[in-house]
Protein chains: 2
Amino acid sequence: MDQQEIKIYGHIATIRKKGKIVFIVLRTFDNEEQVTVKKNEVSEELWNLVNELGREYFIEVEGTLVKSKIAKLGREILPKSIKIISKSFPPPIDLYGKTEAEWPTRLRFRYLDIRKPKVKAIFRIRSTLMNAAREFLRKEGFVELSFPIIIATATEGGAELFPVIYFGREAFLAQSSQLYKQSAVAAFGKVFSIAPSFRAEKSRTRKHLTEFWQIDVEAALVTKKDLMDLQFRLVRHVVEKILEENEKDLKILNLEKLEPWDHYEVISYDEAIEILKKKGFKIEWGEDFGADEERALVKEFDVPFFIPEFPSSITAFYYMVDERNPKIAHRIDMMGPGDYGVEWSSGGLREHNPDRLKKRMIELGLRPESFEWYLDMFNYGFPPHGGFGMGVERLLQTLLKLERIHEASLYPRTPDILKP
Amino acid sequence: MDQQEIKIYGHIATIRKKGKIVFIVLRTFDNEEQVTVKKNEVSEELWNLVNELGREYFIEVEGTLVKSKIAKLGREILPKSIKIISKSFPPPIDLYGKTEAEWPTRLRFRYLDIRKPKVKAIFRIRSTLMNAAREFLRKEGFVELSFPIIIATATEGGAELFPVIYFGREAFLAQSSQLYKQSAVAAFGKVFSIAPSFRAEKSRTRKHLTEFWQIDVEAALVTKKDLMDLQFRLVRHVVEKILEENEKDLKILNLEKLEPWDHYEVISYDEAIEILKKKGFKIEWGEDFGADEERALVKEFDVPFFIPEFPSSITAFYYMVDERNPKIAHRIDMMGPGDYGVEWSSGGLREHNPDRLKKRMIELGLRPESFEWYLDMFNYGFPPHGGFGMGVERLLQTLLKLERIHEASLYPRTPDILKP
């Protein structure tokens, strides 16, 4: 094929006049095309119309697609007709300039910002990630379920919850589907959901969103090794699928070097504390890692790693406490490695004995009365089980080397940002 | 294979003693198996243990799987050992009785109710539905995105919204991703999300949930026919996939006769009004269909049908009003047919001219100031577009002939029910 008649639609990305030639870079929904309008070769009407066009005009172009040695894509369109479908004001942010607008300005005009090829590439990859995660879990025999978002009881204690007014009653937005996915595991054995979760944390860090999507997984009769293997294979499948389906997007993002890790590592909580102490952090056994500690820790690794136990005092009530050493709970954190590394998931083995659960709740300052149905369900032949919740945007942040997690969310929500 | 050594786990569904034989129906996560314990063939220890077992005990069974002419599944397990993993209180609802518990009681103990094979079948089919819908849309070139749940502005006007307290500010739970999916269509051309939506309707009907999942789709440059075809093909793909993947579940639900419809029908709004008037309903041109009218209407059809325009006075502001006949708006409702029929989706062509949009908002009593960013985005070369929002539970209700839509939700939310 040397030439081909086509009709395409798109936004004018850039328009440049060079004497008797006008070069239009047309951003279609999938690509960019060059439209070359030569005064001598088109009607006067078309030439006049071309001179009226501006950036972000949405136009229809009919013409001939021909090979080109000069055009970036190796091809150009010589138009026979151009129609303006929708005019545009001059865009308030430069979608194609060399210096990008500041992040707050980009967010203010996010509905224009998301038209940028780099931003679109992030979300096409996110689409693959979501699909690949589901595909992997379904192949592993997991049933996809949807758990409630509006809940009556705080899962992780009362803090960091968004209150909802539910027909005059107090309710909350779910921080995770924790209690519900546990209930479902007794029926289905292997369950998952990928759904929005909410944390009313005032943290204004590069890794916090108040609204994010979580891959929530729970399985009966699993070991800690099973959970680590499952998560590692899930992430590897996601990376493989991105490589398969998003070659063009990775190129746009200069991430051609992305490759799936071939193994994971495991370090104990004690080892993590040691590493941090050596790096000068004042952290003691029994403390959780703050943002700085986590950042320092992940930089030490170039493959994903797990910390497969934590002090029980800093671990949520639903984790199983080690029988022989009650200071330790079977919580497993999965960490993404490197400069863009971050905690990807938390999970572990769950306690399924209602008496021990009640005791743990009281120890951690929670009121067992608030968890009535949850505690009750463990009285009915509950299988041992475990699971994890993996943050979609967290994973994307590491894979795509995003400065801020907010870039992995189409319309991010932070303590300060509620619109658009 | 005539016999096979196996180890399986499951809950005791029923346990029945007949002289020197005990028959256990074991509900595994995927199936039901019969375990036959013969006093003369097992150790005294095992026989004694078997006599301690009760319903919903979670046990491990090791033994030999053999063919059986008597057992329901054509096979039975002769155990060599049985281990109790978790004991159970006697279940407060009969999971296997002939008379099912009343719906409110089932909901109160939903964490046990979902262990029933019939309930599990519904949710395994729901899992297929969600996956099939995504698979179809991805193949059609749609990008999966996630839109915000916490929003600052009411999409459909101020009514029927759940307020959220967002760091001291007023916010709401999204009724749909309407405004956001429209914003994304200008960038990606074809977008979808399957996500929770919220309506604070006090309706206590068989077809209302306050929290439900919606297949939200939006595409640039579509006609009304495109939108109808797309939805019909989506539903057909879903049914085909259910037939392919859920044969066993359909059998459990006595739905072996499910088959994909081979065509859809279209009736005008005027025709719908005529049908209802003939059936004795007092409905006039300009009114929307209530629950009773809708139920009467869908019973007249045995294939899905569309109503491809509505009076503009009862149509949300974002629909395009017909230029030649402004009394009519290009809203398209898709209706599921038959006794379990219900409105599956609402959609249509959208207005993309900011001035006309503003005018419509004022006509419908909305304040354009609340939609500032939304109105602004149409100033930047906005492509003509349309889409729809299809209710996951609505579709499931018709396909699986569910009396109440609540049965299509694992933990349904209604004005009265907030837990479990």
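Here are the numbers for the structure shown:
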quantity	calculated
Long-range neighbours under 6 Å by Cβ, at least six apart or interchain, first residue in contact (Cβ under 8 Å) with a residue 60 or more places away in the chain and more than 22 Å from B:Pro196 (Cα to Cα) within the stretch A:203-219, second open to solvent by 10 Å² or more (accessible area, probe 1.4 Å) and not acidic (Asp, Glu)	A:Thr205/A:Ala291; A:Arg206/A:Arg404; A:Ala219/A:Lys190
Index of the failed condition, B:Arg124 passing every other in (1) out of contact with any strand residue (DSSP E or B) (no Cβ under 9 Å at 6 or more places or on another chain); (2) open to solvent by 10 Å² or more (accessible area, probe 1.4 Å); (3) at the interface with another protein chain (Cβ under 9 Å from one of its Cβ atoms)	(1)
Search result, residues across the stretch A:17-39 that are over 30 Å from A:Asn246 (Cα atoms) and in contact with a strand residue (DSSP E or B) (Cβ under 9 Å, 6 or more places away or on another chain)	A:Lys17, A:Lys20, A:Ile21, A:Val22, A:Val37, A:Lys38, A:Lys39
Subset of the stretch B:187-205 (residues that are closer than 18 Å to B:Gly341 by Cα and in contact with a helix residue (DSSP H, G or I) (Cβ under 6 Å, 6 or more places away or on another chain))	B:Thr205
One residue from B:Glu45, B:Glu62, B:Glu135 being surrounded by 15 or more Cβ atoms within 10 Å (Cβ to Cβ), more than 22 Å from B:Arg413 (Cβ to Cβ) and modelled with pLDDT of 95 or more	B:Glu135
Failed item in (1) open to solvent by 20 Å² or more (accessible area, probe 1.4 Å); (2) touching a helix residue (DSSP H, G or I) at 6+ places or on another chain (Cβ under 7 Å), with A:Pro104 passing the rest	(2)
Residues of the stretch B:28-42 satisfying the condition of being open to solvent by less than 40 Å² (accessible area, probe 1.4 Å) and among the charged types (D, E, K, R)	B:Glu33
Answer from B:Lys207, B:Lys181 - the residue that is part of a loop (DSSP other than H, G, I, E, B) and in the same structural domain as B:Glu265 (by TED's automatic domain parsing)	B:Lys207
Hits in the stretch B:320-346 - residues which are touching a Leu at 6+ places or on another chain (Cβ under 9 Å) and open to solvent by 10 Å² or more (accessible area, probe 1.4 Å)	B:Met320, B:His330, B:Arg331, B:Tyr340
Subset tally (residues that are open to solvent by 10 Å² or more (accessible area, probe 1.4 Å) and facing another protein chain (nearest Cβ under 7 Å)) for the stretch B:166-187	3
Selection count where residues are more than 20 Å from B:Ser313 (Cα to Cα) and either open to solvent by 70 Å² or more (accessible area, probe 1.4 Å) or outside the structural domain of B:Leu243 (by TED's automatic domain parsing) (or both), scope the stretch B:267-286	3
Test: B:Lys202 is within 13 Å of another protein chain (Cβ to nearest Cβ), surrounded by fewer than 23 Cβ atoms within 10 Å (Cβ to Cβ) and of a type in the set (Lys, Arg)	yes
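The values are calculated or read from the model by the stated rules, or taken from the named source; none is laboratory data. Quantities reported herein were computed from a predicted structural model and do not represent experimental measurements. No Cβ is skipped: glycine too gets one built from the backbone with ideal geometry, and neighbour counts run over all protein chains shown. Please note that ligands, DNA and RNA were not included when accessible areas were found on the heavy atoms of the full protein model with its side chains. Shrake-Rupley method; radii C 1.70, N 1.55, O 1.52, S 1.80 Å.
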